Amino acid sequence: MPWCDIYLHTKARFRIDLCSGIQYFYRMTSISIITICFNNLADLQKTCASIDAQTHVPEEHWVINGSTTKDIEEWLLNTSQPAYRKWINERDKGISDAFNKGIAKAGQSITHLMNSGDCYASNDVLKEVVQIFSQYPAIQWISGNIQMTRGGRSVVVGKPFERKKLYRGMRSVSHPTWFVRKEVYSRIGTFSSEYKIAMDYDMMCRIADEPYAYLDKVIVIFDDTGISSTKYLDSLKENRKVYESYFGFSLLLVIWQIRLKILHYLLQTALGKWLFGLKKRIGMENW
């Protein structure tokens with residue numbers, strides 16, 4: 001296993017009863033993956049294949065299917081599936097409702113929300129995640145790096161979470177890379193149905209004080225056709241609404257979002273794409 005940098009922010013101290021042995025660590029590091037889907041069978045199949053290829057498969061994989069068509073339901077029912085794959089075939093009230101259904105069903109200690117279309121970047125991701133949670137039992141959530149498309153180019157994005165920079169939005173702390181202990185949701189609540197795009201940012205504002213670790217590894221290859229990608233400017237508006245609901249008005253946030261909008265429009269142009277390519281070639285980290 002390659003070495004990974006772990007960044008911790010916690011002052012909590014925990015004592016482990018070593019006499020409880022393997023069963024204790026199993027309970028502490030068992031994984032439920034939750035995949036929501038809607039009329040996109042091919043995407044779901046890609047995600048399921050990625051999960052099934054893991055060297056450490058999850059104890060549960062819940063498919064929350066809110067589709068209006070029958071193809072996903074028929075595939076799940078009529079195709080051989082691993083014993084850990086379970087599903088709900090019923091309409092939902094949106095992304096947050098689907099997430100919350102999965103969280104409610106999850107019976108393991110660690111949850112990963114992995115949308116249909118997304119894939120693990122390597123087949124040892126779950127193995128390394130389990131090792132981190134086992135080695136650092138105080139940790140309540142982790143994030144890592146994500147491979148995605150920007151300016152027409154494949155890039156890897158990821159930074160350690162910093163509470164003081166919440167005004168910057170998700171700031172490369174990508175929700176598809178989060179692994180969260182289920183008990184966290186009991187403390188801070190589940191996903192808000194008030195938001196159509198920024199429900200993950202709202203969750204990050206609430207999870208900010210939970211003990212955290214950063215895994216410096218590409219965890220997920222992101223499907224860029226999701227709503228947060230196709231409605232980017234709307235997501236900025238929702239992010240501002242979320243931030244101000246917790247922390248009030250922020251001039252830093254306003255300035256930061258102006259910067260993001262300029263970059264967004266610039267990347268729609270040939271010049272912007274050329275500049276982005278140049279940035280990648282010379283290794284600039286913060287453009």
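The values are calculated or read from the model by the stated rules, or taken from the named source; none is laboratory data. Predicted model, so just to flag it, every value in this text is computed and none were measured. Cβ placement follows ideal geometry from the backbone for every residue including glycine, while neighbour counts extend to all protein chains displayed. For accessibility, only protein heavy atoms count, side chains too; no ligands or nucleic acids. Shrake-Rupley method; radii C 1.70, N 1.55, O 1.52, S 1.80 Å.
For the stretch 96-127, what are the residues that are assigned to a helix (DSSP H, G or I) and either under 14 Å from the mean Cα position of the chain (by Cα) or crowded, with 20+ Cβ neighbours inside 10 Å (or both)? I'd like the intermediate steps shown before the answer.
First, pick out the residues of the stretch 96-127 that are assigned to a helix (DSSP H, G or I): 96-105, 125-127.
Hits for the stretch 96-127 are SER96, ALA98, PHE99, ASN100, LYS101, GLY102, ILE103, VAL125, LEU126.
For the stretch 73-90, how many residues are assigned to a loop (DSSP other than H, G, I, E, B) and open to solvent by 50 Å² or more (accessible area, probe 1.4 Å)?
Looking only at the stretch 73-90, we keep the residues that are assigned to a loop (DSSP other than H, G, I, E, B), and these are 79-84, 90.
Checking which are open to solvent by 50 Å² or more (accessible area, probe 1.4 Å) leaves us with 79-80, 83, 90.
Total meeting the criteria: 4.
Could you tell me which residue of the stretch 128-150 is farthest from the chain's Cα centre (by Cα), considering only residues that are in a strand (DSSP E or B) and farther than 14 Å from THR177 by Cα?
For the stretch 128-150, the residue satisfying everything is ARG150.
How many residues are small (Gly, Ala, Ser) and in a strand (DSSP E or B) when one looks only at the stretch 190-217?
Qualifying residue count for the region: 1.
Only residues in the stretch 218-237 that are of a type in the set (Lys, Arg) count as the first member; pair them with residues that are at pLDDT 60 or above, Cβ under 7 angstrom, at least 6 apart or cross-chain, and list the lot.
From residues that are of a type in the set (Lys, Arg), the pairs are LYS231/ILE197.
Count, please, the residues in the stretch 170-189 that happen to be at pLDDT 95 or above, out of contact with any strand residue (DSSP E or B) (no Cβ under 6 Å at 6 or more places or on another chain) and part of a loop (DSSP other than H, G, I, E, B).
Residues meeting the conditions: 1.
What are the residue pairs meeting all of these: first residue in the stretch 154-166, first residue without any contact (Cβ under 8 Å) to a residue 40 or more places away in the chain, second residue assigned to a strand (DSSP E or B) and among the β-branched types (Val, Ile, Thr), Cβ atoms under 6 Å, and 6 or more apart or on different chains?
Cβ pairs passing all conditions: VAL157/ILE146.
Could you check the stretch 192-204 and list, in sequence order, the residues that are open to solvent by 10 Å² or more (accessible area, probe 1.4 Å) and over 14 Å from PRO176 (Cβ atoms)?
Within the stretch 192-204, SER192, SER193, GLU194, TYR195, LYS196, ILE197 meet the criteria.
Can you tell me which residue among LYS93, LYS46, LYS70 is touching a Cys at 6+ places or on another chain (Cβ under 8 Å) and open to solvent by 40 Å² or more (accessible area, probe 1.4 Å)? Even if it seems obvious, please write down each step before you answer.
On the way: LYS93 fails: touching a Cys at 6+ places or on another chain (Cβ under 8 Å); LYS70 fails: touching a Cys at 6+ places or on another chain (Cβ under 8 Å).
Exactly one of LYS93, LYS46, LYS70 is touching a Cys at 6+ places or on another chain (Cβ under 8 Å) and open to solvent by 40 Å² or more (accessible area, probe 1.4 Å), namely LYS46.
So is ASN115 under 21 Å from ASP223 (Cβ atoms) and of a type in the set (S, T, N, Q) or not? Give the derivation first.
Working: under 21 Å from ASP223 (Cβ atoms): yes; of a type in the set (S, T, N, Q): yes.
The answer is yes for ASN115.
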